[in-house]
Each structure stands twice: as structure tokens, then as C-alpha cells.
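To keep things clear, I will list the structure first and then write my remarks on it.
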Amino acid sequence: MANRSVTLTHGKGALRQKAREQAKPIRTSGPPRPGAGQRAKSARQRPLSIFLLLGNLLAPQNLLLNLVGLLLSRAVLIGSLSPFGYAFYGAVFALSPARGVAVALWSLAGIASMQAWPRLIELAVLAMLLPAGVAAVGAKVQGGTDESVRRMSVPSLLFIFSFLVKALSAAFVVRTPYGLILAFVESLLVFVLAFIFTYALPALVKDQKKHLLSAEEMICLLIMLAGATLGLAGVSVRGLALKNIVGSFLVMTFGLLGGTGLGAAVGVTIGVIGSFAGSISPAIIGLYGFSGLLAGIFRDFGKAGVGLGYLLGYLMLSLYVEQGADINPLLLESGVAFLMFLLLPRRSLAPLARVISGSNEQVERQAGYDRRLRDLTSTRLRELGQVFGELSRSFTQVSATAERAEERSLAKLFGGIACRVCETCVIYKSCWESDFYRTYKNMFDLLTLAEMKGTLALEDIPEEQRRRCIHLGEVVTTINYLLEIYKMNRTWEKKIAESREIVFSQLEGISRIMDDLAREVKTDVEFSEEVEHLVLDHLDGLGVDTEDVMALRQADGHTEVVITQKPCSSQDQCVRAVMPGVSKLLGIPLAVQNPRCHWRTGKPSCTYKLFPSRSFEFTTGVAKRAKDQAVVTGDSHLIKELKHGKLVLLLSDGMGAGPRAALESKATVALLEDLVEAGFDTDLAVRTVNAVLVLRSPDEIFATVDLALIDLRSGDVEFIKVGAAPSYIRHDDDVSMVRCASLPLGILNNIEVEHHHCVLGPGQTLVMVTDGMLEASRTPGSREEWVAKALRRSTTADPQRLAEELLEKACDMRKGQVPDDITVLVAQLRPRGG
């Protein structure tokens, strides 16, 4: 028994293999000569072709395709037009000729079930003409019949052959001009539907690559399914129309998969095609569409919610549409469709759900892709950060070998003296072999003495060494020469080491930034369409010409809104008009970040971000005066709110006064702004700016840095001062100072960055000044104290007025002729909403 089973299995496999070989096109150089061998070969091919045909007719993977072909062939429009079956056969033939033959047989069976014998003959003739026509067109185009030729030629050939066949039928059967008109119209519908079905077929064929269906492909699929539903016309079970049951079932299914839009679209499509067939009233279009809409609305409640929503809409409009008629059959049909829908396994809808845009499966799949993309991006950023970390560690290893390099340089120095002077000396062995340690110590003492005095002279050498060395003059000359080279090498090695340290710090900073970016990219960010629609409606009400609104819900729960609109008529009008309304709309106070307005950038739009404001709001004031009433001041300042609720206050005083000082201070402020905003650590940012100032010019240039980084959520203030004047914090009548003793940037290669921390509470005032403010005092001992006294005596609370008041007092002390540029920057925190 086992042997017999093996033999049968082997026989089927051989048949399949021969069938595949038979399906391949056979090319010959000329017409074959008929003979016994050729006839025998043809005889062997016939049963194999029948086997292939039976396989396509009964294969499970073609069951849905064949069933749709059967139903479409039964669909009739306007009483006599039946283009669906012809078009579907042509579309399937363009996809796969073998499947096309099977679909043609199923379509013939569908027509036979309606006893429409003229249509049966027309389809049979068309099924024979189409393969020959496609083969002929393919041979003329490129000598073959590949899939691309079939896809392009089939709809056109269908139109030609369909019109010829139907025109002949009309000429012999109807014998009226109206019959020719109907033949032309039906052939035109066949041409259009063939194109439509070509786009819809991949969703039905299992071995086709599935992709997310576009809106056009989705509409094509709906038309195909609506036509198949129409093919059930006239079929009933116990008085219930199977067409209505299947139509309701399809509406509920697509309402579950695609929501309100797709549910309503399926309902309207089924209603429209049904009304074309004349089988239902045009009012039923609204019934199906409204029921599909309600079905999609309740899809979050699962299949039961979708079905009940459909039944609710169907019942409401049935009472209105079918006034005075018996609606019991309609309700029974909908109930049966609902039961079928509930019994349908959810997993059977998975293949269709994966290709429908908006389905829960597709949304989850897309969310998975987004998570994987974020993870890959985060991983890539971390890898780049590790690369920069490894580079920084390699520079650390190079620095660690600096001491050993210095020892090697010293050994080379001793070796140079021995090679240049001692090797040719007659007492070389006595000095460097017999008495090595003593000679080494004497040479080391001479080098130390030469380094201390700068230059070694004969009279500087001890008497004992004079008596021992017979080439003393050459030794002194060689030591001075080699020591000079050694000092020069050490100077350059020191500069290289300092450059390595700068590069090490910068690489380490970039590595930290990469790690921060990796964490930020991996953070889940959701787009809130609801907030976007609310903001768009609000802006439309204000008359704002909006180009784009993007609402992002961050991982910490707060929402940021990015708005792009047409240019406003005046400076910051968009922010002043939009921000209060959006804040009220969302119920949270908002602040503006990074406004890029038309009048600032020259671009044809304004873009700005609204984000939840922090615990504190701030008010600032600035007052400036140039030295000797000059036009250009050498001081520069920056007031900028960063992301995550940070406020940067920055003062820089360039060397001297005038345009050159202004250039240095502006460059310092601009570079610090970019580095801090990019996420660099403040200490590293200051060191980087110092390195730039040292390396950018051989001239002696420097600039001070007075930076205050304020956390608007907690009030914490971090001061970084490099050569800057003291800052003052006023609270009621008490004034405290924040001092530093470091040199300005650009003087030393290595600087000590001083950090000071304090808490700035509500009502407290921070005052930052440049050196010119202190030099306004003529008494050297009270240069810093006079500003503190002026703050204690002042009753002004407004930051701008306070800055102007301090500047006026400094000018009065010097009678209007200030000895240096003066800048006063005042900031004050107050509780949000206070």
C-alpha cells in the first residue's frame, strides 16, 4: 500500500512538471512538418492541458476569483447590458491567461444559470478571439506575449471584439439601429470596466504582492464587489433577497475595516450600481450610505457595535423611504446579514485589512513601522555617538603618552650630546662606560643650569667638570644648540597637546549630543488631529490665512502647536492675535518659541511654535551707551528662550571699544547662542568659543562672557562668568553680588570656567552689567559697591526703567562722557498668570 501511494504521488508530480513545461512558449525557426512524432506529441499535450484547466477551475486559491467571475457574469444593467463578465474575464486574462480560461468557464456557467443563450455564445466567441488577438499584438510589438503587452492591449481588444460580436448579434437578432447603439455602449463599458478591474484584482489574487490600496484602487475594488452583488439579483432564500443580504454584509464588513468613510462609500457604491440595474429605488442609495456611515462610527465597539450601528441607520431610513410599505423583509434581510457578520472569523478579514488604509490593523502596522524607524534612528545616533566617544578616548590615550614622549625627548637630548661631541673623544669609554652615572649626572646638571639661565657659558661650569672634559667648549655649544631645539619642540608639543584637548572636549560633547538626540528620537511623539482641526477652525474664524498646523503631543503629556501662515500685516501681529485665542481654546497658557516671521526672514510665510508656558514668566530690559558717545558699542547681548523652559541671558564685552570690539563680542554671542541652542554643555560651549578666539587670529583679541541660564520651571540660575563684571540680585532692600576672577576669552589656551548657582524667586531682579558700568565710579575702592547702593535706593520695579535709570546714573557720574561701553541687562521673574 505504501509503495502504491508513493507511485501515485510521483505520478502527480511528474504531471505537474510536464504541465509547467507545457505552459512555456515554444519558439521554432519555421513551420513544423506534420508527422507521426508531432501528432503523438499533440496527443500527449491534450490531457495535460485539461489537467491544468481543472486545476485552475477547482484550486482553492482561485475560489474567490472564480466566484466573483460567476456573479459578475450574471449582473445586468438597464435591463439588457451585461459588461461586467466580459470585462472581468479580460482583466483576469491580462493577469494570467490560465486563470482567464477558468474564469471564462465560470462566467459561462453564470450566464447559463440565467438561460441567456445569446450572451453565452457572445462570451464563448470572445473567449476564443481574445487570446489570438493578444498573441498577434504581442508578436508585432516584441515577438512575445508577456504580461505588460497583455495589460495594455486587452482593454482595447475587448472593446473591438465585443463590439464586433455584439454588432453581429444585433444585426441578426434585433435588426434595428438601437441594437447597434446598445452594442457600442456596452462595448465601451467593457473597455472602462476592464481597466477598473485590472486595478482591483491584486486584492483578490493570493499570489500577488499586497500593498496599501490607494483611493483609486479602493474605488475599483468597491465597483467590482458591487457588480458581484448585483449578480445575485433574483436569487432568494425563503423570500429573502440574497442580493440585499450580501450588500448589507459588505457594508458592515468595510465599515469595520475602514471606518465611516469606507462604510459610507461601500453603501453608496452598492446603491448606485443597484439603481443603474433598476432593481432598487434610487432612494436606497441614501439608505445604504447612511447605514454604512453609522456602522463606521461605532467600529471602536467591535463587530457588535458596527452591526447595531448599521441596523439603526437602516431602520431609521427604511421608515422614511418605504412609507406605507412592508419593511419586514428589509429588516429580516439586514438581521440575517448581521448574524453572518457576527459569525465571520476576524482572522479571515486580516488579508483585506492589511491593504485598506485606515483599518485598525493598518494603523497598528504603521505604528509598528514608526516605532522600528525611531528605534533604528536612535540606534544609529547612538552608534555615531559611540564613534565620537571612541575618538575622544583615543585623544585621551594620546595625552596619556605625553609624559613618556617627554622622557624620550630627554633621552634623545643626552644621546645627541654624546653623538656630537663624546663619540670621537679619546676618553669616551672612561666617561660613558666606566663612570656612566657620574657623567650622566654632570650632563644633567649642565642642562638644568642652561635651562635656568637660558644660555650656558664656560664660566658657569663647575671646576671639577672643567678638569674632566677635554672638549668643554664643544659641549657648551652643543648643549645650547640642542636645548634651544628642545625648547622649540616642547612649545609645539604643548600647542598640539592643547589642540588635542580641545578636540577631545568637542568630540566628547558631540558624543553626548548624539546620545541626547538618540533618547529624544526614541521618545514617542503623537500627532493630535483633533487639536489641529480645532486650531484650524479657530484661525479661520479669526481670518488668518493658514498654510499648515501641526499639533504634537510629547511624551510628558504636553502639546505643542506649530503654525505656518501667510505673512501678517505688521510685526508680530500673528503672535499677538493668535496666541491668546489658541491658549483659551486649549485651556492652557501658551508661549511662543522660534518665531520666523516674514518681516525678519523675507520668506513668503510666518512660522512659529506655541508650547505650554512654564511656572514663571519673565520681563527684561536693556540699556546701552557707547564710549564717548560713539555710534557703535563694543558690547553685545542676547535674550533667548530655549526649549524645555530655559532662558539665556548673555553679555559679552569685546576688547576696547568701537567696531572691532563689536565684531568680537557679536561673534562670541552668536557662536555661544548656536552651541547652547544645539544642546552643547555650557562649559564646553564656552571652552569652544575660547578656542576659536585663540586660533582665529594671531592678534591679541579677547572678549568677556557673562552668561545666566535660568530654568523657568524652578527659578534655578546657573551663572558662567569669564572675565565678566559682577552680577547683582535684588530682593526688596537686599542686594547680593555674583563675582568671578577669571580672565576673558581669547587670552589663554586653557581657561577656568567658573560656575555659580542660585535661585531667582518671584519679585527678585537680576542685573547684569559690563565693565563700563563699574568704571563710571571715580573711586577705585567702590567700583562694584556703587551699583549695589544704587539698586538698594531705587524704587523702580519695571526692568526697562531700572536699566535706563542705572545707565543715567553712570552717565551723570562722568558728566555724559563714559570711559567705556556700558550695557545694563535686567531680568525679573513673576509667577505665570500673576
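Taking region 662-675, which residues are out of contact with any strand residue (DSSP E or B) (no Cβ under 8 Å at 6 or more places or on another chain) and either crowded, with 22+ Cβ neighbours inside 10 Å or at pLDDT 85 or above (or both)?
Within region 662-675, just ALA670 meets the criteria.
Can we say SER5 is at pLDDT below 50, of a type in the set (Gly, Ala, Ser) and open to solvent by 70 Å² or more (accessible area, probe 1.4 Å)?
For SER5, the condition - at pLDDT below 50, of a type in the set (Gly, Ala, Ser) and open to solvent by 70 Å² or more (accessible area, probe 1.4 Å) - is not met.
Would you check which residues across region 712-728 are open to solvent by 10 Å² or more (accessible area, probe 1.4 Å), part of a loop (DSSP other than H, G, I, E, B) and closer than 25 Å to ARG614 by Cβ and list them?
Hits for region 712-728 are ARG713, SER714.
Go through (1) hydroxyl-bearing (Ser, Thr, Tyr); (2) free of Cβ contacts under 8 Å to residues at least 40 places away in the same chain; (3) not in a loop (DSSP other than H, G, I, E, B) and name the single condition SER742 misses.
Condition not satisfied by SER742: (3).
Looking for whichever is open to solvent by less than 40 Å² (accessible area, probe 1.4 Å), among the hydroxyl-bearing types (Ser, Thr, Tyr) and free of Cβ contacts under 8 Å to residues at least 40 places away in the same chain here; the options are SER291, SER275. Which one fits? Break it down stepwise before answering.
Details: SER291 fails: free of Cβ contacts under 8 Å to residues at least 40 places away in the same chain.
Among SER291, SER275, only SER275 is open to solvent by less than 40 Å² (accessible area, probe 1.4 Å), among the hydroxyl-bearing types (Ser, Thr, Tyr) and free of Cβ contacts under 8 Å to residues at least 40 places away in the same chain.
List every residue pair whose Cβ atoms lie under 9 Å apart, where the two residues are 6 or more positions apart in sequence or sit on different chains, the first residue falls within region 113-134 and is in contact (Cβ under 8 Å) with a residue 12 or more places away in the chain, and the second residue, located anywhere, is surrounded by fewer than 16 Cβ atoms within 10 Å (Cβ to Cβ) and not in a helix (DSSP H, G or I).
These pairs meet every condition: MET114/GLY234.
Go through (1) open to solvent by 40 Å² or more (accessible area, probe 1.4 Å); (2) not in a helix (DSSP H, G or I) for ILE219 and report which single condition fails.
The one condition ILE219 does not meet is (2).
Could you please find all residues in region 299-317 being crowded, with 22+ Cβ neighbours inside 10 Å and within 35 Å of the chain's Cα centre (by Cα)?
Our first condition is that a residue be crowded, with 22+ Cβ neighbours inside 10 Å; within region 299-317, this holds for 299, 306-307, 309-310, 313-314.
The answer is ARG299, VAL306.
Scan region 513-530 and tell me whether some residue there is in a helix (DSSP H, G or I), modelled with pLDDT of 75 or more and more than 30 Å from VAL686 (Cβ to Cβ).
Yes, that holds for at least one residue.
Please specify each residue of region 615-661 satisfying the condition of being more than 30 Å from ASP820 (Cβ to Cβ), touching a Gly at 6+ places or on another chain (Cβ under 9 Å) and open to solvent by less than 40 Å² (accessible area, probe 1.4 Å).
Scanning region 615-661 gives a single hit, PHE616.
Might you check whether a residue that is more than 16 Å from ILE417 (Cβ to Cβ), out of contact with any His (no Cβ under 8 Å at 6 or more places or on another chain) and aliphatic (A, V, I, L, M) occurs anywhere in region 429-452?
yes
Would you pick out the residues in region 224-235 that are open to solvent by 40 Å² or more (accessible area, probe 1.4 Å) and either modelled with pLDDT of 85 or more or among the aliphatic types (A, V, I, L, M) (or both)?
First, the residues of region 224-235 that are open to solvent by 40 Å² or more (accessible area, probe 1.4 Å): 233-235.
Those that are open to solvent by 40 Å² or more (accessible area, probe 1.4 Å) and either modelled with pLDDT of 85 or more or among the aliphatic types (A, V, I, L, M) (or both): ALA233, VAL235.
Filter region 576-606 down to residues that are modelled with pLDDT of 70 or more and among the β-branched types (Val, Ile, Thr) and give me whichever is most open to solvent (accessible area, probe 1.4 Å).
Step by step, filter region 576-606, then rank; the result is ILE588.
Evaluate region 166-182: report whether one residue or more is over 48 Å from the mean Cα position of the chain (by Cα), aliphatic (A, V, I, L, M) and at pLDDT below 75. Step through it out loud before you land on a result.
First, pick out the residues of region 166-182 that are over 48 Å from the mean Cα position of the chain (by Cα): 166-182.
Keeping just the survivors that are aliphatic (A, V, I, L, M) gives 167-168, 170-171, 173-174, 180-182.
This time we only want the ones that are at pLDDT below 75, so: 173-174.
Looking for residues that are over 48 Å from the mean Cα position of the chain (by Cα), aliphatic (A, V, I, L, M) and at pLDDT below 75, one finds at least one in region 166-182, hence yes.
Taking region 420-475, which residues are of a type in the set (Lys, Arg), without any contact (Cβ under 8 Å) to a residue 40 or more places away in the chain and surrounded by 14 or more Cβ atoms within 10 Å (Cβ to Cβ)?
First pass over region 420-475, keeping only residues of a type in the set (Lys, Arg): 420, 429, 438, 441, 453, 466-468.
From what's left, without any contact (Cβ under 8 Å) to a residue 40 or more places away in the chain: 429, 438, 441, 453, 466-468.
Across region 420-475, the qualifying residue is only ARG468.
Can you list the helices (runs of 4 or more DSSP H) found entirely within region 769-823 that contain at least 2 residues being open to solvent by 70 Å² or more (accessible area, probe 1.4 Å)?
On the way: elements: 771-774, 785-793, 799-813.
Where helices (runs of 4 or more DSSP H) fall fully within region 769-823 and carry at least 2 residues being open to solvent by 70 Å² or more (accessible area, probe 1.4 Å), they are 785-793, 799-813.
Could you grab me the full set of residues in region 185-195 that are open to solvent by 30 Å² or more (accessible area, probe 1.4 Å), at pLDDT 90 or above and under 40 Å from the mean Cα position of the chain (by Cα)?
VAL192
In this structure, is ALA102 under 15 Å from PHE197 (Cα atoms) and open to solvent by less than 10 Å² (accessible area, probe 1.4 Å)? Give the derivation first.
Values: under 15 Å from PHE197 (Cα atoms): no; open to solvent by less than 10 Å² (accessible area, probe 1.4 Å): yes.
So ALA102 does not fit the description; no.
Would it be correct to say that ALA200 is open to solvent by less than 20 Å² (accessible area, probe 1.4 Å), under 48 Å from the mean Cα position of the chain (by Cα) and either over 28 Å from LEU342 (Cα atoms) or charged (D, E, K, R) (or both)? Spell out how you get there, then give the answer.
Numbers: open to solvent by less than 20 Å² (accessible area, probe 1.4 Å): yes; under 48 Å from the mean Cα position of the chain (by Cα): yes; either over 28 Å from LEU342 (Cα atoms) or charged (D, E, K, R) (or both): no.
Against the criterion (open to solvent by less than 20 Å² (accessible area, probe 1.4 Å), under 48 Å from the mean Cα position of the chain (by Cα) and either over 28 Å from LEU342 (Cα atoms) or charged (D, E, K, R) (or both)), ALA200 does not qualify.
The values are calculated or read from the model by the stated rules, or taken from the named source; none is laboratory data. Everything numeric here is computed off the predicted structure, so don't read it as measured data. Positions of Cβ are backbone-derived with ideal geometry, glycine not excepted, and every protein chain shown enters the neighbour counts. Accessible surface is based on the protein model in full, side chains and every heavy atom, while ligands, DNA and RNA are left aside. Shrake-Rupley method; radii C 1.70, N 1.55, O 1.52, S 1.80 Å.
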